[in-house]
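Asker: Here it is: the structure, laid out below.
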Amino acid sequence: METKYLILGAGAASSWAVRGIRQEDKEGDITIVGKEPYRTYSLPLLSKGFIQGRYPEDKIFTVKEDFYDTNKATFIHSNGASSLNTSKKTVELENGDEITYEKLLICTGGSPLKFQIPGSDLRRIYYLRTLDDAKRIKAAAQSAQEAVVVGGSFIGIELSAALRELGLSVKLLMMEKYPWQNLVPEEIGKYFTKLMKEHGVSIYVEEKVIEFAGENGLANSITTESGEVFEGDLFGVGVGISLNIDFLKDSGIEIGKGVVVNEYLETNVADIYAAGDIAEFNDLILGTSHLTGHIENAQFQGRTAGRNMAGAHEAFSQVTAYDTEIFGTMLMFIGASQYGNEHIIRGNTEEPLGSFSFKDGKLVGALLIKPGGKEIRAVRELIELADSSLLYYKDVFSDPNGDLMGLLKELKDPAY
């Protein structure tokens, strides 16, 4: 099989890449290869409503059933890449088929990291990454009573909240001292710890899981390094992902923490691009190369990569944002707070409204609790300014009523 544009992966970056290609090239053949049997759907909605029953399956898809036909694209589902030959410009699929391409986009995402400890092969242990994973958890929750969830980042926290909403008793175990420890200041983490406890989630910090135990092939307890034993009849695990890039071994594509790309999202091999979770990209705003694993980043990178595959020459420069919602309280992540070396809490430390992170005086990221639309827009643009004087305006950032939009206008137009 031959195609002009080959896209490996069928997630958010993939569908937005199709749109990007079609902005520049209305007719070139597009082929998409996806591991799952589904068209693009929203990963965040799995834990933000699907498991709880708030969203039926047909409401989580982000493209219509006729999306591929409308865009003159061929969708090969339930398949994946097994190897890439960059000199021949061919990809071999897991079923043995071979596709020859002119331009290639790799956006294969990640898979859950799985425990390799005693008992980790028992049933009733669930990982959440795909729609089928969510279906299994949703079904198991109908008869379960006591859930034990492992992981102090997004999946662990959101899954704990989802299962609690379904009426299960929930214990959340994490190695960290508070939720999202690698991403948020302690004040924000402790605020959400308190919120989750108020809604009935029992939280155990600095606990390392060393063993699952069970009977008749079914897990019924977890043991941690401290000697604590936590019993349950449903076990959820969210301890990170591994990138789906093993098939690139020996391909000649540069691999660092992920697939290394330049500001145009092109790899070191001509005509091959990467986007989404796997792309280690040159962040023109922050001045550093890094991975960013969330849906908005995948969407915008996919669109840019698609346009560039089809002849554009557009650098990716975007302050992206994503959110989580825990028991009705939204936390918005804007930019990359984890790269800041100085943090300012907005409001008081007991009931913070967010935080702002600075590096070399420049605003690089923010966390906003229950934000408004204007506030989000102002923060995005303040980060884009890359102004090293922003730290001088500490009072505006720390004041819960500080006028961020006014500050933005003042910096853009001193006569304002």
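Asker: Sort SER14, SER226 by Cβ crowding within 10 Å, fewest neighbours at the top.
Answerer: Numbers: SER14 29, SER226 10.
With the sparsest Cβ surroundings first, the list reads SER226, SER14.
Asker: Please give me the summed charge of the neighbours of ALA140: other residues whose Cβ is under 10 Å from its Cβ, Lys and Arg +1, Asp and Glu -1. Working shown, then result.
Answerer: Numbers: positive: ARG123, ARG124, LYS135, ARG136, LYS138; negative: ASP233.
Cβ neighbours under 10 Å give a net charge of +4.
Asker: Moving on. Kindly flag which residue pairs out of LYS359/LYS394; LYS114/LYS171; LYS4/LYS64; LYS197/LYS257; LYS35/LYS177 have an alpha-carbon separation exceeding 25 Å in this structure.
Answerer: On the way: LYS359/LYS394 14 Å; LYS114/LYS171 19 Å; LYS4/LYS64 23 Å; LYS197/LYS257 35 Å; LYS35/LYS177 36 Å.
Long pairs (Cα-Cα over 25 Å): LYS197/LYS257; LYS35/LYS177.
Asker: With the contact rule set at Cα under 8 Å and sequence spacing of 6 or more, what percent relative contact order holds for the chain?
Answerer: On the way: 942 pairs, mean separation 65.1, N = 416.
For the chain, the relative contact order is 16 percent.
Asker: Something else: What would the Debye formula give as log10 I(q)/I(0) at q = 0.13, 0.17, 0.22 Å⁻¹ for the alpha-carbon point model of segment 361-416, no solvent?
Answerer: Debye output, listed in q order: -0.28, -0.49, -0.86.
Asker: Per residue of segment 333-346, what does 6.51 cos²θ - 1.76 cosθ + 1.60 with θ = phi - 60° give for ³J(HN,Hα)? Whole Hz please, x for Gly and Pro, Karplus curve as stated.
Answerer: 9, 10, x, 9, 4, 5, 9, x, 10, 9, 10, 10, 7, 8
Asker: Further question: Among rounded, prolate and oblate, which fits segment 193-343 when a ≥ b ≥ c are the square roots of the eigenvalues of its C-alpha gyration tensor, a/c under 1.5 means rounded, and a/b larger than b/c means prolate?
Answerer: Numbers: a/c = 2.76, a/b = 1.76, b/c = 1.57.
Prolate is the answer for segment 193-343, as a/c is 1.5 or above and a/b outweighs b/c.
Asker: So how far, in whole Å, is the C-alpha centre of segment 332-366 from the one of segment 140-171?
Answerer: 29 Å
Asker: Report for segment 138-226 the percent antiparallel among DSSP-assigned beta bridges with both residues inside it, nearest 5.
Answerer: On the way: 6 of 15 bridges.
Expressed as a percentage, antiparallel bridges in segment 138-226 total about 40.
Asker: Segment 55-139: Rg/Rh from Cα coordinates, Kirkwood Rh? Could the numbers behind the result be given before it?
Answerer: Numbers: Rg = 17.5 Å, Rh = 16.6 Å.
Rounded to two decimals, Rg over Rh is 1.05.
Asker: In addition: Aspartates and glutamates near LYS409 by alpha-carbon distance under 15 Å, same-chain residues fewer than 8 away left out - which ones?
Answerer: Reachable aspartates and glutamates: GLU375, GLU381, GLU384, ASP387.
Asker: Arrange the following residues from fewest to most other Cβ atoms within 10 Å of their Cβ: TYR393, TYR41, TYR339. Please list the in-between numbers first.
Answerer: Numbers: TYR393 20, TYR41 23, TYR339 16.
Placing the least packed residue first, the sequence is TYR339, TYR393, TYR41.
Asker: So how compact is the chain: Cα radius of gyration and Dmax in angstrom?
Answerer: 22.4, 74
Asker: Using Cβ contacts closer than 10 Å as the measure, can you line up LEU45, LEU6, LEU218 from fewest to most? Before the final figure, lay out the partial values.
Answerer: Working: LEU45 19, LEU6 28, LEU218 11.
Listing LEU45, LEU6, LEU218 from fewest to most nearby Cβ atoms yields LEU218, LEU45, LEU6.
Asker: Right, here's the next one. Give me the Å³ per residue figure for the convex hull around the C-alpha atoms of segment 227-289. Walk me through the numbers on the way to the answer.
Answerer: Working: hull volume 10.6 nm³, N = 63.
Once divided by residue count, the hull of segment 227-289 is 169 Å³.
Asker: Run down the aspartates and glutamates and flag those whose C-alpha is under 19 Å from the C-alpha of LYS89, throwing out any fewer than 8 positions away in its chain.
Answerer: GLU2, ASP29, ASP97, GLU98, GLU102, ASP246, ASP250, GLU254, GLU266, ASP271
Asker: Give the Debye-formula value of log10 I(q)/I(0) at each listed q (0.10, 0.11, 0.20 Å⁻¹), with one equal scatterer per alpha carbon of segment 113-241, two decimals each.
Answerer: -0.28, -0.34, -1.17
Asker: Quick one: length gained pulling LYS64 to LYS409 fully straight, 0.36 nm per residue minus the C-alpha distance?
Answerer: Numbers: separation 345, 0.36 × 345 = 124.20 nm, distance 3.98 nm.
That works out to 120.2 nm of additional length.
Values in this text are rule-based calculations from the coordinates and carry no lab data. Predicted, not measured: the structure shown is a model, and the values here were computed from it. In this analysis, Cβ positions are derived from the backbone assuming ideal geometry, glycine residues included, and neighbour counts consider all displayed protein chains.
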